[in-house]
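A short worksheet on the structure shown next.
The values are calculated or read from the model by the stated rules, or taken from the named source; none is laboratory data. Since the model is a prediction, treat every value here as computed from it, not as a measurement. Note that we place each Cβ from the backbone using ideal geometry, even for glycine, and neighbour counts take in every protein chain shown. Accessible surface areas use protein heavy atoms only, side chains included; no ligands, DNA or RNA. Shrake-Rupley method; radii C 1.70, N 1.55, O 1.52, S 1.80 Å.
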Amino acid sequence: MSERVPVLRIGQVLLVSIQTDLDDQAVLNLQDDLAAQVVETGAHGVVIDITAVEIVDSFVGRMLATIASITRMLDANTVVVGMRPAVAITLVELGLSLGGVRTALTLEKGLHVLSRDVHATRSALS
């Protein structure tokens, strides 16, 4: 059985910190768990921290894009943070641009991106 990745709530943001390379089942579990948590908590943002991830394959890359699409449909923005240069190079070499997935270099910058999104949405609604 595959290990589950914890999903932590910080205010209106869900934080997923991936500490190990994920197998396919763990990625699918994360997708399901995260979607359920977005609905349960009403979170406006999701940060996926991949700082500890050293290797990605095409499946994991596609699933990051899928997770971002799912959370967007559930009214939450997703930012992937902490991508290593080798991971970025691998994704490009695999032909995965991760369209629709926003990235930031650090957790702090990712939270700032989500904060800007919330302020922009509130301004648009006013």
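The C-alpha atoms of the chain define a longest principal axis, and helix 58-73 lies at about 10 degrees to it. Accessible surface computed residue by residue for the chain, with neighbouring protein chains in place and a 1.4 Å probe, gives 57 Å² per residue.
Between helix 107-125 and the chain there is an angle of about 40 degrees, using the helix long axis and the longest principal axis of the Cα atoms.
Label sites at Leu105 and Val39, each approximated as a point 7 angstrom past Cα along Cα to Cβ, lie 3.8 nm apart. Of the three principal axes defined by the Cα atoms of segment 1-47, the extents in descending order read 29, 18, 12 Å. Contact order, relative form, for the chain: 23 percent (alpha carbon pairs under 8 Å, 6 or more residues apart, mean separation divided by residue count). Placing pseudo-labels 7 Å out from each Cα toward the beta carbon at Ile10 and Asp23 gives an inter-label distance of 3.0 nm.
Solvent-accessible area of the chain (1.4 angstrom probe, protein heavy atoms only): carbon and sulfur portion equals 57 percent.
Per residue, the convex hull around the alpha carbon atoms of segment 33-126 comes to 96 Å³.
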